[in-house]
Amino acid sequence: MTRMTQTLVLALALSPALALAQQAAPAAAAPASPAYPEWDKLTAAQRELLIAPLRERWNANPDERARLLGRAQRWQQMTPAQRDRIHRGAERWEAMTPEQREQARAVFHAVRGMDRDARRAFMDQWQQMSPQQRADWARAHPAPARPDGR
């Protein structure tokens, strides 16, 4: 699994638990954002709900443990704005069709080594393409096969 996919899976796995935690939080008078209780105020069931997906991934993938721990440490160092950007990206990814995801992988692979100006020029050109031109380009420039064979 790629890092982005793993991050998306983790975010998606935690979203029902966060919704449950939000329901358990006491209602505040017109909060600016949802008020979630602190960890110590969660019930044992809520804590287990949050931890279970991670425990399963940790135990099922011993070779991935270092990467999981590194990702958790990077997440802690991110600003709220960076975390929000990741959440929005995960939502966009989930809304994509399989063809759009393949196109996104192809574009990411193509622009990965470009400098900022070249990347901007490429993306400007991409925006001018028709959906058929984009599909043709993605077929002509596929992303490399992923390690999991998908």
For E38 and R71, extending 7 Å from Cα along the Cα-Cβ vector and measuring point to point gives, in nm, a value of 2.9
Give me the Kirkwood hydrodynamic radius of segment 97-150 in Å, from all C-alpha pairs, to one decimal place? 11.7
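Each reported figure results from applying straightforward, stated rules to the coordinates on display, with no laboratory input. Model, not experiment: these values are computed from the prediction. Because the Cβ atoms are built from the backbone with ideal geometry, glycine has one as well, and the counts that use them run over all protein chains shown.
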